[in-house]
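Colleague: Have a look at this one.
Coordinate-derived values only; no laboratory data. Given the structure is predicted, the values throughout are model-derived calculations rather than measurements. A quick note on method: Cβ atoms are made from the backbone with ideal geometry, for glycine too, and the neighbour counts reach across all protein chains shown.
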Amino acid sequence: MSARLQNNIAALFAPKAVCVLGASRDPAKIGHILLRNLLRAGFPGKIFPINPYADKILGLDSLRKPADIPAGCRPLCLAVICLPAEQVPDALCELGRLPTRAAVIISAGFSESGGRGAELEEKLAAIARDFGIALLGPNSIGLYVAAGALNATFVEGGLLPGYTGFFSQSGAFTAAMFDWAADKNFGFSTFVSLGGKVSLDESDMLAYLADDPHTKVIVGYIENVSDGPRFLRCAYSATRKKPVILFKAGRGGRSFAGSLDMRVNPDLAYDAAFTQTGVIRAKEIRDIFGMAQAFASCSLPVGPALAVVGNGGRIGAVAADSCLDSGLVLAPFSDKTVKRLETRLPSYVSARNPVDLMAGATPERFAEACAAVLEDPAVNSLLLFAATSARGALDGLPQTVASLPNPEKKPILACLMGGMGVAQARRRFFECGIPCYSFPEPAIKSLAAMYRQSLWKDNHMPVEIGYRHDKGRARAAIEQAAAEGLLELGGYYALEILSAYEIPCLDARLARTEAEAVQIARLCGGPVALKIASPHILSKSGAAGVALNLQSPDEVRAAFADIASRSGHMRGQAGISGCIVQAMAPKNAHELVLAFNRHNSFGPMLLFGLRDYIRLFDDLSCRLAPLSLDDAGDMLREVKAFPILAGLDGQEPVKLTALEDILLILSQIAVDFPEIQEVECNPVLADPSGAHVWGARILLSPAALENLR
């Protein structure tokens with residue numbers, strides 16, 4: 001990003017003057033509502049309505065055109081455009097010549113409407129780029145900045161100031177959150193509708209909000225990522241400073257067809273991107289602001305141990321179950337805490353975690369129990385819950401809990417189950433700085449997210465590993481394939497490239513005659529497999545081009561002759577070089593798949609799983625290149641079938657470091673050769689002694705292939 005554009009983004013969020021193109025006297029039109037919102041918010045700078053047919057709008061003098069803006073207000077900080085789509089490019093050019101540093105295009109009718117609209121949108125992108133305008137939109141609802149008293153949106157109603165920075169690609173979602181926030185008295189530092197993203201996108205928002213002193217937590221709704229590598233850099237930088245919570249729409253769909261007919265959900269790449277950059281992914285929309293409330297109000301817990309205090313044993317059991325699913329644990333109280341609870345609370349009250357104060361609990365009893373557990377060094381956070389049967393006990397409870405000594409600033413969350421009967425008490429908890437929820441599960445999800453954030457902030461920088469390799473040898477093989485017009489490489493040809501990077505492959509050599517096949521089989525020292533050697537036949541078994549577990553020289557000779565005859569008959573146009581003679585797989589080895597392909601946004605995406613579990617259950621793990629050592633280890637342990645590799649039922653575990661090595665080397669190949677679209681090592685045979693590639697397939701990018709020819 002240029003320094004000029006970076007400065008202009010600052011002007012977008014902190015303008016000294018704003019003009020509204022398309023300001024209207026009609027209260028029903030967007031240009032009127034937006035101007036009214038600017039005035040009601042108390043924007044302290046100059047506001048210039050621009051409408052050639054009006055003298056005054058909402059008490060402000062209306063200008064005929066942007067050029068009429070006084071010279072003392074130039075360059076103009078911010079323009080908001082509410083004109084018909086056809087007029088917007090010319091208006092943006094005029095603003096650029098003033099010059100204008102930032103603009104928000106409210107107008108719709110661009111790429112979302114089809115061909116002509118898409119052409120207009122391309123013009124906007126070019127104009128913004130030529131003039132260096134920080135452009136939000138088109139088809140944006142606008143933006144709100146609490147610190148600058150700026151409400152440049154056309155949504156009816158106002159927003160409260162707070163500590164959450166919010167951005168969204170969806171206008172409908174943005175409007176819904178506007179309404180939700182008003183109902184919950186939830187405040188924002190910044191509220192941005194990205195719209196069509198012709199200039200500014202989610203990465204720009206992350207970069208700005210990460211350094212915004214008024215923002216404690218960043219929340220976003222995204223549907224796609226414009227620039228994957230930049231997003232990864234901005235997200236990683238942001239999460240090192242403050243929590244980032246994102247909801248990604250569109251989790252379905254399948255892509256990546258390999259020789260196993262693997263179908264990989266492209267959404268896995270987003271999971272990997274968020275995991276590797278420390279972004280907290282909200283699985284449900286309702287989780288977004290439940291988490292944001294907690295992050296904005298509380299310190300991060302230093303550990304996973306949770307104390308639960310409430311007035312219903314069944315609800316406490318629900319909370320305990322939620323802990324099991326979230327990565328939190330119920331804190332074991334110290335003997336001192338148990339004795340204190342037993343001494344000061346009625347005998348029928350449980351002194352163990354979760355603490356059940358029973359239905360008749362008073363605010364004083366709640367306070368006594370909460371004070372005791374907060375002082376316990378084994379407790380890292382506290383969840384307080386009350387059911388509607390204790391309405392009378394809720395009077396004064398928020399203030400009582402908020403005033404308890406809490407020198408270590410352990411996070412306290414509340415859960416008041418009920419509707420209108422607890423609405424006032426719930427509001428008071430918010431006012432006292434204690435996030436309050438309607439059910440225990442979202443509260444525990446929020447605490448779990450906070451704990452993960454504390455681990456992420458304390459995490460060391462990722463360790464990257466380098467391996468010996470012969471890049472020139474691999475490139476020569478790729479260039480040879482390009483010269484022959486091959487897009488897909490299998491068998492010996494793929495193994496040659498992998499071997500150049502010292503990926504362990506089961507011994508495989510090309511035999512052009514029966515005699516050579518017998519000689520190579522003797523060198524292998526055990527049973528062998530024969531596979532047809534042809535760059536044009538990738539599915540060897542489908543072409544009757546495989547023979548397995550050959551023991552004697554006679555079996556090798558017969559298999560060679562049979563494969564050559566049958567494969568030639570079935571694939572008459574294929575170029576056949578002979579047979580690959582390869583050692584058979586070790587007995588009882590696990591068959592795995594280690595692969596990468598390229599995601600449209602994020603680039604190389606590494607994949608790992610047990611072969612049969614991928615086929616049956618879509619059991620895959622995913623990370624983005626380049627991998628760190630921790631990434632590789634996490635990939636192995638994330639698959640549901642990992643216990644099989646770790647030694648299920650007393651079996652000896654496979655050599656996990658050997659699998660980590662292959663993943664890390666594949667990551668390096670993906671980075672070194674952008675012309676490789678996909679590599680699939682299938683199967684990789686793993687046992688306690690190590691891991692070896694038995695079969696492989698490499699797909700080259702057609703565009704890259706043209707460049708190599």
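Colleague: In the chain, with Lys and Arg counted as +1 and Asp and Glu as -1 at Cβ, which of these residues, Gln668, Gly114, Val219, has the Cα nearest the positive end of the dipole, that is, farthest along it?
Modeller: Checking the options against the dipole of the chain, the answer is Val219.
Colleague: Give, in nm to one decimal, the length gained when the segment between Asp55 and Ser577 is fully stretched (0.36 nm per residue of separation minus the Cα-Cα distance).
Modeller: 179.4 nm
Colleague: Run the simple label-point estimate for Ala371 and Thr657 please: 7 Å along Cα→C-beta, distance reported in nm.
Modeller: That separation, rounded to one decimal, is 5.5 nm.
Colleague: Then there is this: Place +1 on the Cβ of every Lys and Arg and -1 on the Cβ of every Asp and Glu in the chain, take the dipole about the Cα centre, and give the residue among Ala547, Val279, Ala425 whose Cα lies farthest towards its positive end.
Modeller: My answer, from the dipole projection, is Ala425.
Colleague: So, one more: Counting other C-beta atoms within 10 Å, which of Val145, Val528 has the fewest, and how do the rest follow?
Modeller: Lowest count first: Val145, Val528.
Colleague: In Å and whole numbers, how far do the C-alpha atoms of the range 298-458 stretch along each principal axis, longest first?
Modeller: 43, 35, 29
Colleague: Next question, about the same structure. Which pairs, out of Lys216/Lys457; Lys216/Lys409; Lys197/Lys248; Lys242/Lys283; Lys29/Lys56; Lys16/Lys242, put more than 18 Å between their alpha-carbon atoms?
Modeller: Those over the limit are Lys242/Lys283; Lys16/Lys242.
Colleague: Right, next: What whole number of Å gives the distance from the Cα centroid of the range 210-245 to the Cα centroid of the range 348-419?
Modeller: 34 Å
Colleague: Okay, moving on. Let's test the formula: R0 of 45 Å, r as the Cβ-Cβ distance of Ser334 and Arg615. What FRET efficiency results, to the nearest 0.05?
Modeller: 0.35
Colleague: Then there's this: In terms of Cα to Cα distance under 16 Å, which aspartates and glutamates are near enough to Lys241, apart from those fewer than 8 places away along the same chain?
Modeller: Hits, sequence-local ones excluded: Asp204, Asp211, Asp212, Asp458.
Colleague: Related question: For Met584, enumerate residues with amide H under 5 Å from its amide H, sequence gap 5+ or separate chain, H modeled in the peptide plane.
Modeller: Answer set, sorted by chain and number: Val528, Ala529.
Colleague: If you place +1 on the Cβ of every Lys and Arg, -1 on the Cβ of every Asp and Glu, and leave all else neutral, what size is the dipole of the range 413-496 about its Cα centre, to the nearest 20 Debye?
Modeller: 660 debye
Colleague: Using θ = phi - 60° and the Karplus relation 6.51 cos²θ - 1.76 cosθ + 1.60, list the HN-Hα couplings for the range 283-289 in order, rounded to whole Hz, with x at every Gly or Pro.
Modeller: With coefficients 6.51, -1.76 and 1.60, one gets 6, 10, 4, 5, 6, 4, 8 Hz.
Colleague: Quick one: if you stick a label point 7 Å off each Cα along the C-beta vector at Glu484 and Gln399, how many nm between them?
Modeller: Label-label distance for Glu484 and Gln399, simple model: 8.4 nm.
Colleague: Using unit Cβ charges (K, R positive; D, E negative) and no other charged atoms, how large, in debye to the nearest 20, is the dipole of the chain about its Cα centre?
Modeller: The calculation lands at about 1640 debye.
Colleague: Taking the inverse of the average 1/r across all pairs of different Cα atoms in the range 1-141, what Kirkwood radius in Å do you get?
Modeller: Mean inverse Cα-Cα distance, inverted, gives 15.0 Å.
Colleague: Going by amide H atoms built from the backbone, whose H comes under 5 Å of the H on Leu63, apart from near neighbours?
Modeller: Ile50, Asn51
Colleague: Now a separate question. Take the Cβ-Cβ distance between Ala118 and Ala378 as r, set R0 to 41 Å, and report the resulting FRET efficiency rounded to the nearest 0.05.
Modeller: Working from the Cβ atoms, E equals 0.10.
Colleague: If you stretched the chain out fully between Glu502 and Ser689, how much longer would it get, using 0.36 nm times the residue separation minus the C-alpha to C-alpha distance?
Modeller: Extra length from Glu502 to Ser689 when fully extended: 65.6 nm.
Colleague: Given a Förster radius of 25 Å and the C-beta distance between Asn224 and Ile285 as r, what FRET efficiency does 1/(1 + (r/R0)^6) yield to the nearest 0.05?
Modeller: E(calc), rounded to 0.05, equals 0.90.
Colleague: How large is the dipole of the range 298-458 about the Cα centre if only Lys and Arg carry +1 and Asp and Glu carry -1, each at its Cβ, rounded to the nearest 20 debye?
Modeller: Dipole magnitude for the range 298-458 comes out near 180 debye.
Colleague: I'd like the projected area of the chain, averaged over all directions, using the convex hull of its alpha carbons. Report it in nm² with one decimal.
Modeller: Its Cα hull, projected and averaged over all orientations, spans 37.8 nm².
Colleague: For the range 434-489, take the convex hull of the Cα atoms, compute a quarter of its surface area, and give me that in nm², please.
Modeller: Mean projected area for the range 434-489: 9.0 nm², to one decimal.
Colleague: In the range 275-366, what chymotrypsin sites (Phe, Trp or Tyr not before Pro) fall in a loop by DSSP, with at most 12 other Cβ atoms inside 10 Å?
Modeller: Here the chymotrypsin sites (Phe, Trp or Tyr not before Pro) that fit, given the DSSP loop and packing criteria, are Tyr348.
Colleague: Would you compute, from DSSP H runs of 4+ residues alone, the mean residue ellipticity of the chain at 222 nm, taking -39500 (n - 2.57) per run and dividing by the full residue count, rounded to the nearest 500?
Modeller: -12000 deg cm²/dmol
Colleague: Moving on to the next point. For the chain, find the longest principal axis of its Cα atoms and tell me its angle to the long axis of helix 313-326, 0 to 90°, nearest 10.
Modeller: On a 0 to 90 degree scale, this one is about 50.
Colleague: What ranking of Ser628, Ser621 emerges when the number of other C-beta atoms within 10 Å of each C-beta is taken as an exposure proxy, fewest first?
Modeller: In increasing order of surrounding Cβ atoms, one gets Ser628, Ser621.
Colleague: From the backbone phi of the range 646-652, what are the Karplus-calculated ³J(HN,Hα) couplings (6.51 cos²θ - 1.76 cosθ + 1.60, θ = phi - 60°) in whole Hz, Gly and Pro given as x?
Modeller: With the stated coefficients, the range 646-652 comes to 7, x, 6, 6, x, 5, 6 Hz.
Colleague: If we restrict to alpha carbons, what Rg and Dmax does the range 324-409 come to, in Å?
Modeller: Just the Cα atoms of the range 324-409 yield Rg and Dmax of 12.8, 34 Å.
Colleague: Each label point is 7 Å from the Cα along the Cα-to-Cβ direction; what then is the distance between the points at Ala71 and Lys640, in nm?
Modeller: Label at Ala71, label at Lys640, 7.2 nm between them.
Colleague: Let me ask you something else. Would you list Trp180, Trp456, Trp694 from fewest to most Cβ contacts within 10 Å?
Modeller: With the fewest neighbours first, Trp180, Trp456, Trp694 line up as Trp180, Trp456, Trp694.
Colleague: Shifting gears a bit: If you consider only alpha-carbon coordinates, what radius of gyration and Dmax does the range 155-296 have, in Å?
Modeller: Rg then Dmax for the range 155-296, in Å: 15.6, 56.
Colleague: How far is helix 471-483 tilted, in degrees, relative to the longest principal axis of the Cα atoms in the chain, given as a value from 0 to 90 rounded to the nearest 10?
Modeller: The angle comes out at about 80 degrees.
Colleague: From the residues Phe366, Ala483, Asn406, which one has its Cα farthest along the dipole of the range 361-511 in the positive direction, the dipole being from +1 and -1 charges on Cβ of Lys/Arg and Asp/Glu about the Cα centre?
Modeller: Checking the options against the dipole of the range 361-511, the answer is Phe366.
Colleague: Further question: Multiply the residue separation of Asp458 and Asn7 by 0.36 nm, subtract the distance between their alpha-carbon atoms, and state the gained length in nm to one decimal.
Modeller: Contour length minus the Cα-Cα distance gives 159.2 nm.
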